[in-house]
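Chemist: Dropping the structure in here first, questions after.
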Amino acid sequence: MTPQADNPAPLRLHVPEPEVRPGGTPDFSSVKIAPAGSVRRPEVDANPEDIRDLAYSIIRVLNREGEAVGPWAGLLSDDDLAEGLKHMMTLRAFDARMLMAQRQGKTSFYMQHMGEEAVSCAFRRALLPGDMNFPTYRQAGLLIAGGYPMVDMMNQIFSNESDPLKGRQLPIMYSSKEHGFFSISGNLGTQFVQAVGWAMASAIKNDTRIAAGWIGDGSTAESDFHAALAFASTYRAPVVLNIVNNQWAISTFQGIARGGSGTFAARGLGFGLPSLRVDGNDYLAVHAVASWALERARRNLGPTLIEYVTYRVGAHSTSDDPSAYRPKTESDAWPLGDPVIRLKNHLILRGRWSEERHKQAEAEILDTVISAQKEAERHGTLHAGGKPSVRDMFEGVYAEMPPHLRRQRQQAGV
Ligand SMILES: Cc1ncc(C[n+]2csc(CCOP(=O)(O)OP(=O)(O)O)c2C)c(N)n1
Ligand SMILES: [Mg+2]
């Protein structure tokens, strides 16, 4: 006989909901933010068991007054920081121009970084030549801060005759081995398994180069995320695993993918990984935590999981309209501020920058972006000018072209 309660309760699921929807008043009071400078900086060879608390706090350097405080401060010179500020401003100007170009029909699609500029720009500063990133579509700062030519990025965005990838990728899915930027895969989550595999191969070859994997908050729900952590943890692969928690995965809020784990960083604890949470809008904090994790990987101390707490100010992509699912003023209420303004204020406080210098830099940067755009447009845009040749489609994929592709190329007459 099957045992049965007299009044069985109907089963139900818990479906997390964001605190506020369109029309409501944005409320981030539930986001717990540690004061700048208050989180300790453990030794790089710390035992992961002893630093589990770092997965639940937020490492911050810049305080509300614009001062750099606490044990994670002091790694970068004022000149380094001024350069970092220019990288973030360049990424922002690049985004604004490319967004406009999409509206003008010069490209089919664009994805911007507004609010998240510090994450990829500051991380790039901590890498060494030869290290390899496995990025998503929201880390173009790795290229901008690494000196990759903007005109090459634009040629790809415009799908023109000088597109370095010859029309074989989506507009913003860049690839540059020389710049440590692995071809972006549209299949989310793959970056984590690939980064761990690449890092393991580097160690197997007794190489010294390390890998960095990138994933968004929403994509951590993919199986690949967990498989990557298992391999990284078991073999102590020389890899830094980055989760960019920008609060949204298109229209799905971060609470869905995070589930009951409290924070995304806490996911790493079950795998025995050192797991750090950092203010993603604080250039200094991002750079300091990235340097800590990269040193750990380089010294064969194993992988680190980092959660960058940030906010996606813009739409997910040019195909998205966030007003359908979140209050329009939500980004203004984001308690960690704007990464560009925060670094600008810090440099002003240190006497290395000023409002006038900032305006001047903005104008210079815009000029540089516009002249790169003019140059790219000379090679064509989506519906005008030169295109990659059809023949290119068949090349650069196989060392030896399989017979069926050779036949197709003959049929196409190229
Ligand atoms: C495996 C897979 N599933 C779904 C998609 C469709 N998709 C593209 S972007 C996106 C949201 C990702 O959000 P998140 O990981 O938080 O990154 P963000 O866009 O916020 O940077 C989804 C679901 C995809 N590209 N790949
Ligand atoms: Mg996201």
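The values are calculated or read from the model by the stated rules, or taken from the named source; none is laboratory data. Everything numeric in this text was worked out from a predicted model, so none of it was measured. As a convention, Cβ positions derive from the backbone with ideal geometry for all residues, glycine included, and neighbour counts pool all protein chains shown. To get the accessible areas, we keep the full protein, side chains included, count just its heavy atoms, and leave off ligands, DNA and RNA. Shrake-Rupley method; radii C 1.70, N 1.55, O 1.52, S 1.80 Å.
Chemist: Only one residue in 350, 391 is touching a Lys or Arg at 6+ places or on another chain (Cβ under 9 Å) and either of a type in the set (Asp, Glu) or surrounded by 12 or more Cβ atoms within 10 Å (Cβ to Cβ) (or both), so which one is that?
Modeler: Working: 350 fails: touching a Lys or Arg at 6+ places or on another chain (Cβ under 9 Å).
Sole residue among the options that is touching a Lys or Arg at 6+ places or on another chain (Cβ under 9 Å) and either of a type in the set (Asp, Glu) or surrounded by 12 or more Cβ atoms within 10 Å (Cβ to Cβ) (or both): 391.
Chemist: Further question: Does at least one position in the range 265-278 carry a residue that is more than 16 Å from ligand 1 (Cβ to nearest atom) and open to solvent by 50 Å² or more (accessible area, probe 1.4 Å)?
Modeler: yes
Chemist: Of all the residues that make up the range 112-149, how many are small (Gly, Ala, Ser), open to solvent by 10 Å² or more (accessible area, probe 1.4 Å), touching a residue at least 40 places away in the same chain (Cβ under 8 Å) and within 24 Å of residue 338 (Cβ to Cβ)?
Modeler: First, pick out the residues of the range 112-149 that are small (Gly, Ala, Ser): 115, 118, 120, 122, 126, 130, 140-141, 145-147.
After this cut, where a residue has to be open to solvent by 10 Å² or more (accessible area, probe 1.4 Å) as well, the list is 126, 130, 145-147.
After this cut, where a residue has to be touching a residue at least 40 places away in the same chain (Cβ under 8 Å) as well, the list is 126, 130, 145.
Right, trim to within 24 Å of residue 338 (Cβ to Cβ) and you get 126, 145.
Selection size over the range 112-149: 2.
Chemist: Within the range 222-241, how many residues are within 15 Å of ligand 2 (Cβ to nearest atom) and either surrounded by fewer than 18 Cβ atoms within 10 Å (Cβ to Cβ) or modelled with pLDDT under 95 (or both)?
Modeler: Initial filter on the range 222-241 (within 15 Å of ligand 2 (Cβ to nearest atom)): 222, 225.
Right, trim to either surrounded by fewer than 18 Cβ atoms within 10 Å (Cβ to Cβ) or modelled with pLDDT under 95 (or both) and you get none.
Result for the range 222-241: 0.
Chemist: Against the condition surrounded by 24 or more Cβ atoms within 10 Å (Cβ to Cβ), aromatic (Phe, Trp, Tyr) and near ligand 1 (Cβ under 10 Å from one of its atoms), how does residue 214 come out, does it pass?
Modeler: Yes; evaluated as a whole, the condition is true for this residue.
Chemist: Still on this structure, I have one more. Applying the selection to the range 166-184, what residues are under 13 Å from residue 143 (Cβ atoms) and in a loop (DSSP other than H, G, I, E, B)? Break it down stepwise before answering.
Modeler: Kept after step one, since they are under 13 Å from residue 143 (Cβ atoms), are these residues of the range 166-184: 172-184.
172, 173, 174, 175, 177, 178, 179, 180, 182, 183, 184 - these are the residues of the range 166-184 that are under 13 Å from residue 143 (Cβ atoms) and in a loop (DSSP other than H, G, I, E, B).
Chemist: Additional query: Take the range 166-184 and flag every residue that is free of Cβ contacts under 8 Å to residues at least 12 places away in the same chain and open to solvent by less than 50 Å² (accessible area, probe 1.4 Å).
Modeler: Within the range 166-184, just 175 meets the criteria.
Chemist: Let me ask something else. Could you check how many residues of the range 233-249 are over 16 Å from residue 267 (Cβ atoms) and within 14 Å of ligand 1 (Cβ to nearest atom)?
Modeler: Total satisfying the criteria: 3.
Chemist: Would you point out which residue out of 187, 206 is at pLDDT 95 or above, more than 16 Å from ligand 1 (Cβ to nearest atom) and not in a helix (DSSP H, G or I)?
Modeler: Going through 187, 206 in turn, just one is at pLDDT 95 or above, more than 16 Å from ligand 1 (Cβ to nearest atom) and not in a helix (DSSP H, G or I): 206.
Chemist: So residue 96 ticks every box in (1) under 21 Å from residue 242 (Cα atoms); (2) open to solvent by 10 Å² or more (accessible area, probe 1.4 Å) but one. Which box is left unticked?
Modeler: (1)
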